[in-house]
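**Q** Here it is, the structure in full.
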Amino acid sequence: MISVFQTDYVCLWKLEEDGTFSANYDYLKKTRRQEMPSHYQENGAIYLFKRGLLEKTHHFIGGNVAIFPMVASHSVDIDSELDFIIAEAILNENTFNKSKVKGS
């Protein structure tokens, strides 16, 4: 089982070894982002796997993968100072809203 959050489809370009770029979508048939299907991104919060899978494949994702959806605000990945500021703002907003409800 892995945890994920729903995200907008992202049009990505990859730098290839020969110096050219390739897209992860057909740019000749590109549609509006709002019309693209929903996608889910791993958030790293939950990874449940059988020990035998890891021993056999050296990977922790395999077999029949179950998905545990989480809300995006609970899926903040902190890799930079900006990420930390965003996570702190979300935490403060959630704390403020909870105390506001309790004080009402």
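FYI, it's all coordinate maths here, none of it is from the lab. Given the structure is predicted, the values throughout are model-derived calculations rather than measurements.
**Q** Non-local amide H neighbours of Tyr9 (under 5 Å, H modeled in plane, Pro and chain starts lacking H): which ones?
**A** His39
**Q** Name the long-range amide H neighbours of Ser3: under 5 Å, sequence gap of 5 or more, or other chain; modelled H, no Pro or chain starts.
**A** For Ser3, whose amide H was placed from the backbone, the distant partners under 5 Å are Asn43, Gly44, Ala45, Ile46, Phe68.
**Q** Rounded to whole Hz and in sequence order, give me ³J(HN,Hα) for the range 59-69 from the Karplus expression 6.51 cos²θ - 1.76 cosθ + 1.60, θ = phi - 60°, writing x for Gly and Pro.
**A** 10, 9, 10, x, x, 7, 8, 8, 10, 10, x
**Q** A follow-up question, please. Counting only helical runs of four or more DSSP H residues, what would the 222 nm mean residue ellipticity of the chain come to if each run contributes -39,500 (n - 2.57) and the total is spread over all its residues?
**A** Helix-only estimate at 222 nm: -9500 deg cm²/dmol.
**Q** Right, next: Restricting to bridges with both residues inside the chain, how much of the DSSP beta-bridge set is antiparallel, in percent to the nearest 5?
**A** Percentage antiparallel, nearest 5: 65.
**Q** Take the Cα pairs of the chain, get the Kirkwood Rh, then feed it into Stokes-Einstein at 25 °C and 0.890 mPa s and tell me D in µm²/s. Could you put the intermediate results ahead of the total?
**A** Numbers: Rh = 17.4 Å.
Translational D for this selection: 141 µm²/s.
**Q** Apply the Karplus curve 6.51 cos²θ - 1.76 cosθ + 1.60, θ = phi - 60°, to the phi angles in the range 24-39 and return the couplings in whole Hz, x for Gly and Pro.
**A** Coupling constants for the range 24-39: 8, 8, 8, 5, 7, 10, 5, 10, 5, 4, 5, 9, 7, x, 5, 10 Hz.
**Q** Determine the relative contact order of the chain: mean sequence separation of Cα pairs under 8 Å and six or more apart, normalised by residue count, in whole percent.
**A** 35 percent
**Q** Rounding to the nearest 10 and keeping the result within 0 to 90°, find how far the Cα-based axis of helix 81-103 lies from the longest principal axis of the chain.
**A** Value to nearest ten degrees: 40.
**Q** When the Karplus curve 6.51 cos²θ - 1.76 cosθ + 1.60 is applied with θ = phi - 60°, which whole-Hz ³J(HN,Hα) does each residue of the range 6-13 get, with x for Gly and Pro?
**A** Calculated HN-Hα couplings, in order: 6, 9, 5, 5, 10, 7, 10, 10 Hz.
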